[in-house]
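Report on one structure; see the data block that follows.
The values are calculated or read from the model by the stated rules, or taken from the named source; none is laboratory data. Not measured: the values here are computed from a predicted model. Positions of Cβ are generated from backbone atoms using ideal geometry, with glycine treated the same way; all protein chains shown enter the neighbour counts. Ligands, DNA and RNA are excluded from the accessible area calculation, which covers all protein heavy atoms including side chains. Shrake-Rupley method; radii C 1.70, N 1.55, O 1.52, S 1.80 Å.
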Amino acid sequence: MPAEKLHWKHLFAEVVTSGLCTGCAGCVIACPHDVLGYDDGGGHYKPFHLEEEDGPGGCGHGDRGCTLCTRACPRFRNWEDEADSLLFGRLRELDELAGVAKDIVLARAADPEILDKGQDGGLVSAILLWALGHGYIDAALVSYLEGDGTSWKAVPGVARTREEILAAAGSRYTYSANPVAYPQAIAGGAEKIALVGMGCQSSMPAILSARKAGKVARRFALNIGLMCSKTFDDAIFEELFEAKYGLRKQDMVKMNIKGVFQIWMRNGDYHEINLKECHHWTREGCEHCPDFAAEHADISTGGIGAFNDWTLTVVRTDLGREIIDGMVGDGVIQVRPGDDDPGAIALMRKLARVSRRRWPETAVEGPRRMPPPAPKVATEA
Ligand SMILES: Cc1cc2nc3c(=O)[nH]c(=O)nc-3n(C[C@H](O)[C@H](O)[C@H](O)COP(=O)(O)OP(=O)(O)OC[C@H]3O[C@@H](n4cnc5c(N)ncnc54)[C@H](O)[C@@H]3O)c2cc1C
Ligand code: SF4
Ligand code: SF4
């Protein structure tokens, strides 16, 4: 019997409407018939079929043999094992809660302007800049703020210059499906594209390659991951920050999450909001996400740890190592051993475990595979 052709009908039933869909937009950019749209209004962040004749879960192109959307989806069926096998030639060991790693270091940009504009150590922006300058990439898919920034609406976009990379630096904690900017990069002539994104997005290039969707996969030349526990609905600005604390988004200049939601205001005021209060605004697409540490990126980056202004950096692939080594050699980043901050690595593993527990038991078991937690050390009463 010929193998079943897996298309939108299967993706719609198994991912889009099952709670597994993160809204990464991988299916949208892979569709060769341009029949998938992307709804980022009203907190949705979901793909939908543009043609109405077959209903929301039907696709005439799929019925005739097109399978590209399922071959792009980093939440379809056995995605984690497929991406691990492609990138690392093996499945992750049970103990590799935060994914397969070559090195874990702390890194930061040597250039004071990049360090200042970056969320943590400015490493991501420094990598993009160096990779552009050394011909590894000719464009990057990043996230900007809409308009003059006062709406705090994160929007995907393309960066091709130092100015654009720096304009996109820093973190927003609402969703930005950076792959959405892929067609814009292609239209601008990009051949070697860096994807910056959280784990839900950074597994996509490996999945495309593993499932032999080469036409889209081949343009992804570099993959930089952002560690991530969740993103929040855009409504959190009005419904919590403004309604309860009187903090208007147009007066905010920076935010970060370090155990609490930190907000810096234009007038110099600083506020901390308990994360438990924010949970109510967790974006739906994050609720079942098992990947804290962006486990299929070339280099994954995070802000946890004892040292502000350093980026916790997990180097996963040969390309990732080549780039970090090249940057150290050129003196554009400073690097110190991850062992300088063992608490950061322990916290990364803990947060990775928390995320893995969210993956539903009704889906494939791979992402939930973990060793039992270490027994608590008994302390005297
Ligand atoms: C939504 C989100 C949640 C995160 N959660 C955690 C966490 O729980 N723990 C942790 O340790 N680290 C987390 N991070 C990662 C951390 O905030 C930093 O992005 C990371 O440490 C890199 O810092 P940097 O100074 O090297 O990067 P920078 O040089 O500041 O570059 C950051 C890059 O991220 C892109 N970006 C910003 N916001 C978004 C967005 N919403 N969606 C997609 N791309 C975006 C920018 O365009 C820029 O290219 C999160 C990041 C995001 C975006
Ligand atoms: S997870 Fe991404 S690729 Fe999969 S259905 Fe959702 S938007 Fe499409
Ligand atoms: S928790 Fe982060 S990585 Fe997971 S779906 Fe949400 S935004 Fe993506």
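For the pair residue 212 and residue 346, label points projected 7 Å from Cα toward Cβ lie 4.8 nm apart. Given their separation in residues at 0.36 nm each and the Cα-Cα distance between them, residue 256 and residue 272 gain 4.8 nm when the chain is fully extended.
Normalised by the number of residues in the chain, the average gap of Cα pairs under 8 Å and 6 or more apart makes the relative contact order 20 percent.
Could you calculate the contour length gain from residue 103 to residue 361, that is, 0.36 nm times the residue separation minus the distance between their Cα atoms, to one decimal place in nm? Show your work: numbers first, answer last.
Values: separation 258, 0.36 × 258 = 92.88 nm, distance 3.14 nm.
Gain in length upon complete extension: 89.7 nm.
When ligands, DNA and RNA are left out and all protein chains stay put, how many square angstrom of accessible area per residue does the chain have with a 1.4 Å probe? Please report the intermediate quantities before stating the final value.
Numbers: 16780 Å² over 381 residues.
That works out to 44 Å² for each residue.
With the Cα gyration tensor of region 90-141 in hand, convert its eigenvalues to equivalent ellipsoid semi-axes via √(5λ) and list them largest first in whole Å.
Working: eigenvalues 145, 52, 16 Å².
Over the Cα atoms of region 90-141, the ellipsoid semi-axes are 27, 16, 9 Å.
Past 22 Å, Cα to Cα: identify those pairs from 117/249; 102/376; 117/258; 102/350; 230/350, in the order given. From the list (117/249; 102/376; 117/258; 102/350; 230/350), the Cα-Cα distance tops 22 Å for 102/376.
Report the FRET efficiency, 1/(1 + (r/R0)^6), for residue 242 and residue 44, where r is their Cβ-Cβ distance and R0 is 30 Å, rounded to 0.05. Let's see the in-between values first.
On the way: r = 22 Å, r/R0 = 0.73.
The pair residue 242/residue 44 has a calculated efficiency of 0.85.
Please work out whether region 57-214 counts as rounded, prolate or oblate from its C-alpha gyration tensor, where a ≥ b ≥ c are the square roots of the eigenvalues and a/c under 1.5 means rounded, while otherwise a/b larger than b/c means prolate and anything else oblate? Since a/c reaches 1.5 but b/c is at least a/b, the shape of region 57-214 is classed as oblate. Taking region 99-125 and a reference point 7 angstrom along Cα→Cβ of residue 309, the backbone N atoms nearer than 15 Å belong to 107-123.
Can you tell me the length gained on complete extension of the stretch residue 151 to residue 113, counting 0.36 nm per residue apart and subtracting the Cα distance? The partial results should precede the final answer.
Values: separation 38, 0.36 × 38 = 13.68 nm, distance 2.44 nm.
Result for the pair: 11.2 nm of gain on full extension.
In region 231-354, carbon and sulfur make up what percent of the accessible area (probe 1.4 Å)? Taking all protein chains in place, region 231-354 shows 50 percent carbon and sulfur surface.
Among 18, 143, the order of accessible area from largest down is 18, 143, computed with a 1.4 Å probe on protein heavy atoms. Projecting the Cα atoms of 268, 221, 185 onto the charge dipole of region 134-279 (Cβ charges, centred on the Cα centre) puts 221 farthest toward the positive pole.
Normalised by the number of residues in region 244-371, the mean separation of alpha-carbon contacts (under 8 Å, six or more apart) gives a relative contact order of 21 percent.
For region 103-209, the fraction of 1.4 Å probe accessible surface lying on carbon and sulfur atoms is 54 percent. The overall shape of region 228-334, judged from the alpha-carbon gyration tensor, is oblate: a/c is not under 1.5, and a/b is no greater than b/c.
Antiparallel beta bridges, as assigned by DSSP with both residues in the chain, represent about 75 percent of the total such bridges.
Within the straight-line cut-off of under 12 Å between alpha carbons, the aspartates and glutamates reachable from residue 192 are 138, sequence neighbours fewer than 8 places apart in one chain being disregarded.
Please state the shape class of the chain: rounded when a/c is under 1.5, otherwise prolate if a/b exceeds b/c and oblate if not, all from the C-alpha gyration tensor. Provide the component values of the computation, followed by the final result.
Numbers: a/c = 1.28, a/b = 1.26, b/c = 1.02.
Rounded, because the longest to shortest axis ratio a/c is under 1.5.
Once both labels are positioned 7 Å from their Cα atoms along Cα-to-Cβ, the gap between residue 163 and residue 287 label points is 4.4 nm. Within the accessible area of region 1-87, the carbon and sulfur atoms contribute 54%, probe 1.4 Å, all protein chains present.
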